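See structure below.
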Amino acid sequence: MAGSNNDLNVLGASLIFNDILQGKAPNMSFVVNEHQYNYGYYLGDVIYPEYATFVKSYSFPADEKRKLFKLAQESTRKDVERAFGVLKQKWHIIKHPARSWDRAKLTKVLTACVILHNMIIEEEGRAICIYNPEDILNPPAVIQVGSPAYFTLLLEIQNCETHHNLRYDLTEHI
C-alpha cells in the first residue's frame, strides 16, 4: 500500500541507508570467519530484502548450527526491542507519539536518549562496546546522489550474495 508505514516503506526513507549511500556513515568494516564486510548489519526477519546490510534468521533451519544461529539472532532482536522499551520508560519523551515531529527533531531526541543510556551503562561498567570518537570527529566525505560512487554503493548494499555469505559466516562463527 503506497504511503503506509510498514517496515519496507520506512526502509526506503531510512536515514541509515541514506547516510551509507551518501558516504556519511562511519566506517563499520569488520571481519568474521576470515571474510571482510564493509558495512554494519541490522537484524531482520523474513519481510526484509536480502541486502548485504541485513541478517535474517533461517526460516527452517536444517541443522544444529542454523538452529543455534536462529536462536541467537532472534534473542538479540528481542534484546534490541527491550532496550528501546527501557528508553521509553526512562525518557518519556519518546514514549508519546512522535508523528508530528520532523525527522531532524526525532533523530536528535532518539540520539540523545541512546547516548545518555550508553553513558549510564558505561559508567556502571555494563557497556559491551564503546564508540570510536574518531568516527564523529572525522566524518567521511559526502557522496553525491546519482554519482557513479552512489550507484556502486547501492549495488553493494543490495547484493544478495553478500547477504547469504554474511549469514553463513555468522552462523559458522557462532
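The values are calculated or read from the model by the stated rules, or taken from the named source; none is laboratory data. Because the structure is a prediction, the values reported are computed rather than measured. Cβ placement follows ideal geometry from the backbone for every residue including glycine, while neighbour counts extend to all protein chains displayed. What goes into the accessible areas is simple: the full protein's heavy atoms, side chains included, and nothing from ligands, DNA or RNA. Shrake-Rupley method; radii C 1.70, N 1.55, O 1.52, S 1.80 Å.
Once amide H atoms are built 1.01 Å from N in the peptide plane, which residues 5 or more positions from residue 42, or in another chain, come under 5 Å H to H?
The list, which skips near neighbours in sequence, is 54, 55.
Mind scanning 65/108; 78/105; 65/105 and naming the pairs with a C-alpha gap bigger than 31 Å?
Flagged as over cut-off: 65/108; 65/105.
I want the local charge near residue 159. Using Cβ-Cβ distances under 13 Å, sum +1 for each Lys or Arg and -1 for each Asp or Glu among the other residues.
Around residue 159, the charge tally is -2.
Are any of the pairs 56/88; 67/88; 70/90 more than 28 Å apart by Cα-Cα distance, and if so, which?
Violating the 28 Å limit, Cα to Cα: 67/88; 70/90.
Any chance you could look up the accessible area of residue 150 with a 1.4 Å probe, heavy atoms only, rounded to 10 Å²?
40
If r is the Cβ-Cβ distance from residue 172 to residue 108 and R0 is 41 Å, what FRET efficiency results, to the nearest 0.05?
My answer for the efficiency is 0.55.
Measuring from label point to label point, each 7 Å out along Cα→Cβ, what is the residue 91 to residue 68 span in nm?
3.7
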